[in-house]
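Data first, discussion second: the structure below is written as structure tokens.
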Amino acid sequence: MIPAPFLLYLGRSTDSVGIKTSRGLATFRAPDCVGEFRHDDCPLTLGLPRLTIAEAAAAGARTLVLGIANSGGTMAPDLIEDALAALEAGMNVASGLHQRLRDEPRLVEAAQRHGLQLFDVRDPPANLVVGNGRPRAGHRLLTVGTDCSVGKMYASLALVDAIRARGKSADFRATGQTGILIAGAGVPVDAVVADFISGAIEQLAPARDDDGWDVIEGQGSLFHPSFAGVSTGLLHGAQPEAIVLCHDPSRTHMRGIAGRDLPGLGECLELNLHMARLTSPGVRAVGICLNTSAMDEAAARRLCDETALAFELPCTDPMRFGLDTIMDELLCPDISKPVTTVSR
């Protein structure tokens, strides 16, 4: 476990989506976050106290969390300098980037000298096996998306709470750096060798016989040229009974690929269901979750209602309007209702 309290790192970030890990911790582990660290040229904030490294150490922060994400997951020189300053001030350092803290000699030396730890969250577990796709007991729900960073983790965590509120057991199965930092466990699926992705998810969400649900956090998108491979392996390993499609209606193009359009919701639902049937022939869509944070409430409600009508599926923003309609579809399905999708 990574020692709390945390100082959340924004650094010099200018991309509001790129600070999703820090934002996720500020949202779901707020009591463990003492403040945020950002340079003067960073226009972003999490609404937490802005602290220097020294101020954070004095306030009791035990770990600097490098809660940013960029294409390729690399560490800029100034980020390494900031991490070094945190170590010199007596803080551990945690990172979910692909570039490992342990591969930076100055960070390793400083951590050893001060008796501190470096946490590379994106390390997959050892001794993974390839997937087999054999049927296994238990209820599993997977969140999927039209793109990266559209709200799959937020929806997954909200779904766990909503299932528990209906009196059933549910567990969040984290598959990305932010989810792992929030949950304290999981598999960073985008760091797993391709042959082992489905097997890693089979191990993450094994058979269960308690009538409870594993809610598995989705990654990437089948329509994103950079990350569709991860999304495919996750679909097959999850062997989901149900999927929830997540979408950000304010997104104008695929994240990181200007000019590439997002898929229509119907097109995305159809392909995810088709791919999932390889290991879960009876999979069904139970709802659509929209990230309407960029919209006013009336417009958000109207879009959810219009989407629900168009696709004959519950549609909601889980952070604004809750998940009652999706819970009704998930836990009390109308078995006579045909599975339909509408391409847009």
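The values are calculated or read from the model by the stated rules, or taken from the named source; none is laboratory data. None of these values were measured; they are calculated from a predicted model. All Cβ positions, glycine included, derive from the backbone under ideal geometry; neighbour counts span all protein chains shown. Remember, those area values only see protein heavy atoms, side chains included, never the ligands or the DNA or RNA. Shrake-Rupley method; radii C 1.70, N 1.55, O 1.52, S 1.80 Å.
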Quiz item: Restricting the search to the stretch 157-177, which residues are small (Gly, Ala, Ser), in contact with a helix residue (DSSP H, G or I) (Cβ under 9 Å, 6 or more places away or on another chain) and open to solvent by 60 Å² or more (accessible area, probe 1.4 Å)?
Solution: ALA165
Practice problem: Taking the residues in the stretch 173-186 that are out of contact with any strand residue (DSSP E or B) (no Cβ under 8 Å at 6 or more places or on another chain) and part of a loop (DSSP other than H, G, I, E, B) as candidates, determine which candidate is farthest from SER221 (Cα to Cα). | Solution: GLY184
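Take the conditions surrounded by 19 or more Cβ atoms within 10 Å (Cβ to Cβ), more than 23 Å from ARG208 (Cβ to Cβ) and at pLDDT below 95 and apply them to THR341. Does it pass?
yes
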Self-check item: Exclusive hit being modelled with pLDDT under 95 and more than 23 Å from the chain's Cα centre (by Cα), set ASN70, ASN92, ASN127, ASN132
Solution: ASN127
Quiz item: Being at pLDDT 95 or above, basic (Lys, Arg) and over 30 Å from LEU64 (Cα atoms), is that true of even one residue in the stretch 172-189?
Solution: no
Quiz item: Identify, please: which residue in the stretch 252-283 is in a helix (DSSP H, G or I) and out of contact with any strand residue (DSSP E or B) (no Cβ under 7 Å at 6 or more places or on another chain) and is, among those, least open to solvent (accessible area, probe 1.4 Å)?
Solution: GLY266
Exercise. Looking only at the stretch 178-196, count how many residues are over 25 Å from ILE288 (Cβ atoms) and either aliphatic (A, V, I, L, M) or open to solvent by 10 Å² or more (accessible area, probe 1.4 Å) (or both).
Key: 11
Practice problem: Name the single residue, out of those in the stretch 284-324 being in a helix (DSSP H, G or I) and basic (Lys, Arg), that is least open to solvent (accessible area, probe 1.4 Å). | Solution: ARG320
Exercise. Being open to solvent by 30 Å² or more (accessible area, probe 1.4 Å) and more than 22 Å from ASP317 (Cα to Cα) is the filter here, so list the residues in the stretch 231-251 that pass it.
Key: THR232, HIS236
Practice problem: Scan the stretch 85-115 residue by residue and report those that are of a type outside the set (Asp, Glu), under 28 Å from VAL192 (Cβ atoms) and open to solvent by 30 Å² or more (accessible area, probe 1.4 Å). | Solution: HIS98, GLN99, ARG100, ARG102, PRO105, VAL108
Practice problem: Find the residue count for the stretch 78-136, including only residues that are in a helix (DSSP H, G or I) and touching a residue at least 12 places away in the same chain (Cβ under 8 Å). | Solution: 17
Quiz item: Any residue at all in the stretch 137-156 that is exposed (fewer than 15 other Cβ atoms within 10 Å of the Cβ) and either among the basic types (Lys, Arg) or touching a residue at least 24 places away in the same chain (Cβ under 8 Å) (or both)?
Solution: yes
Exercise. Taking LEU97 as meeting all but one of (1) at pLDDT below 95; (2) out of contact with any strand residue (DSSP E or B) (no Cβ under 7 Å at 6 or more places or on another chain), write down the number of the exception.
Key: (2)
Quiz item: Within the stretch 141-172, how many residues are over 10 Å from the mean Cα position of the chain (by Cα) and part of a strand (DSSP E or B)?
Solution: 7
Quiz item: Assuming ASP214 fulfils every condition listed in (1) open to solvent by 10 Å² or more (accessible area, probe 1.4 Å); (2) among the acidic types (Asp, Glu); (3) in contact with a Lys or Arg (Cβ under 7 Å, 6 or more places away or on another chain) apart from one, which condition is it?
Solution: (1)
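Just to be sure I understand, how many residues within the stretch 37-55 are within 18 Å of ASN70 (Cβ to Cβ) and either out of contact with any helix residue (DSSP H, G or I) (no Cβ under 9 Å at 6 or more places or on another chain) or without any contact (Cβ under 8 Å) to a residue 40 or more places away in the chain (or both)? Reasoning before the result, please.
Residues of the stretch 37-55 within 18 Å of ASN70 (Cβ to Cβ): 37-39, 41-44, 46.
If we keep only those that are either out of contact with any helix residue (DSSP H, G or I) (no Cβ under 9 Å at 6 or more places or on another chain) or without any contact (Cβ under 8 Å) to a residue 40 or more places away in the chain (or both) as well, we get 38-39, 41-44, 46.
Within the stretch 37-55, residues that are within 18 Å of ASN70 (Cβ to Cβ) and either out of contact with any helix residue (DSSP H, G or I) (no Cβ under 9 Å at 6 or more places or on another chain) or without any contact (Cβ under 8 Å) to a residue 40 or more places away in the chain (or both) number 7.
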Practice problem: Give ASP82, ASP123 a once-over and let me know the one that is closer than 28 Å to GLY256 by Cβ and open to solvent by 40 Å² or more (accessible area, probe 1.4 Å). | Solution: ASP123
